[in-house]
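The values are calculated or read from the model by the stated rules, or taken from the named source; none is laboratory data. Keep in mind that what you see is a predicted model, and the values were worked out from it rather than measured. Here Cβ is always computed from backbone atoms with ideal geometry, including for glycine, and neighbour counts include all displayed protein chains. Areas reflect the complete protein model, heavy atoms only, side chains present, ligands, DNA and RNA absent. Shrake-Rupley method; radii C 1.70, N 1.55, O 1.52, S 1.80 Å.
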Amino acid sequence: MPINAKCRGILAASAIMVTATTASLAVAQDNPTLRFSAVFSEQDIRAEMMQRFEDVIADDFTLEIHYGGTLFSQGSELVALQRGNLEMSNVSPQDIANQIPAWSLLTSAYLFRDAEHLLDFFSSDAGEEMKAMAEDQLGVHILGPTFFGTRHVGLVGDEQIDTPEDMSGIRLRMPPGESWQFLGESLGANPTAMAYAEVYTGLQTGAIDGQDNPLPNVQNMRFYEVMEQIVLTSHLVAFDLLMVSASVWNDMTPEQQETFQTAADEAIAWSTEEHQRNEQELADFFKEEGLNLYTPNVDAFREYAQQLYLESSISDAWPEGMLERINNL
């Protein structure tokens, strides 16, 4: 049966669509794949941050995202980047400090006043110097700090905490690593190393007495179900660092680098605003869930922590004058 003009038109249009789709798939397949690993969950605000980032870079790169520490566990991402087993990650400054002691300054308690102070630092000359130090010594390119809230102490039991002395003997879960453990000590507690994914069970079984995390993390991981109180110590403006392997960064064209950095800046700015808004709402949520939220003697905590840092050998590695530069921002 002869094919009429209408059928020929439909077949021609279908052929064009198939050709275009095939071409698009070929382009996508030709894009370099960047493996991204993070310990935060798919429910985390930062997961949406990464989706926004991915949408902007999709023309040049294919982002393969792994949440919940399923590809690399907490604390192992930086080494994976250095070994070429990973292209992107959200790495804690404490992990950098494990290899570059000077970075321990950026992990110390009561250093940054708030998220704005944190962002101002990383966009300043002082911040650029610290990022360059990491790139030169570790082979990673830092795109920016990913703020995820202010860290507070969450505890099992109802004994009220007012000063660091009240924290004596409390087994406070802290992530593994010297910088994290010292942070726990600076609160007066007995720090106990434990992986993030194990904290809920640790609180539930009594293996630990408490944990420190920002309020959004407490909600995402449902820690509030196995705690009685949150002590609003505000001891650390919490942030990780969105980073890419320096070798991957250096292989990009200037145009790709600009797109990549702009995508990161915009996604981080959105995430920061969402976390700030969420923190305000979560305080009311936890009270409704029956938790006791209260503010201790923060001045006593700050004085105790800062004195402990300055008297320790940790501060010996801090870049001269950097603390004053940060305070003056």
Self-check item: Whole-number D in µm² s⁻¹ for the chain, Kirkwood Cα-pair radius fed into Stokes-Einstein, 25 °C, 0.890 mPa s
Solution: 114
Quiz prompt | Chain lengthening between ARG83 and LEU329 when straightened (0.36 nm per residue, less Cα-Cα) | solution = 85.0 nm
Self-check item: Rough spin-label spacing in nm, given labels placed 7 Å along Cα→Cβ, for ASP55 and THR253
Solution: 2.5
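Would region 96-232 count as rounded, prolate or oblate if I go by the C-alpha gyration tensor, calling it rounded below 1.5 in a/c and otherwise prolate when a/b exceeds b/c, oblate otherwise? Numbers along the way, then the final one.
Values: a/c = 2.01, a/b = 1.95, b/c = 1.03.
Prolate is the answer for region 96-232, as a/c is 1.5 or above and a/b outweighs b/c.
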Quiz prompt | Calculated FRET efficiency for the pair ALA195/SER315, C-beta based, R₀ 30 Å, to 0.05 | solution = 0.60
Exercise. Please list, in chain and number order, the residues 5+ apart from ALA238 or on another chain whose amide H is under 5 Å from its amide H, with Hs placed from the backbone.
Key: PHE148, GLY149, THR150, ARG151
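For ASP162 and SER73, compute 0.36 nm times the residue count separating them, minus their Cα-Cα distance, and round to one decimal in nm.
Computed gain between ASP162 and SER73 is 28.6 nm.
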Quiz prompt | Computed label-point distance, nm, for sites TYR294 and SER41 using a 7 Å Cα→Cβ extension | solution = 2.9
Quiz item: In the chain, what percent of the accessible surface is made up of carbon and sulfur (1.4 Å probe, ligands and nucleic acids excluded)?
Solution: 49
Self-check item: Test item: Cα-centred dipole of the chain, Lys/Arg +1 and Asp/Glu -1 on Cβ, debye
Solution: 1160
Quiz item: For region 247-310, what is the accessible area per residue in Å² when the probe is 1.4 Å?
Solution: 57
Exercise. Express the accessible area of region 63-184 per residue in Å², computed with a 1.4 Å probe while the remaining protein chains stay in the model.
Key: 36
Quiz item: Any idea which of LEU282, LEU293, THR262 is furthest toward the positive side of the dipole for region 254-300, if Lys and Arg beta-carbons carry +1 and Asp and Glu beta-carbons -1?
Solution: LEU293
Self-check item: Span from the region 43-97 Cα centroid across to the region 214-288 one, whole angstrom
Solution: 13
Practice problem: For an R0 of 41 angstrom, estimate the FRET efficiency from the Cβ-Cβ distance between GLU129 and GLN280 and round to the nearest 0.05. | Solution: 0.75
Quiz item: Looking at the square roots a ≥ b ≥ c of the eigenvalues of the Cα gyration tensor of region 240-329, which shape do they give, rounded for a/c under 1.5, prolate if a/b is larger than b/c, or oblate?
Solution: oblate
Practice problem: Find out how many positive minus negative residues lie around GLY169, taking Lys and Arg as positive, Asp and Glu as negative, among other residues whose Cβ is under 12 Å from that of GLY169. | Solution: -3
Quiz item: Where in the chain are the DSSP H helices whose alpha-carbon span along the long axis reaches 27 Å or more and whose Kyte-Doolittle mean is at least -0.5?
Solution: 5-30
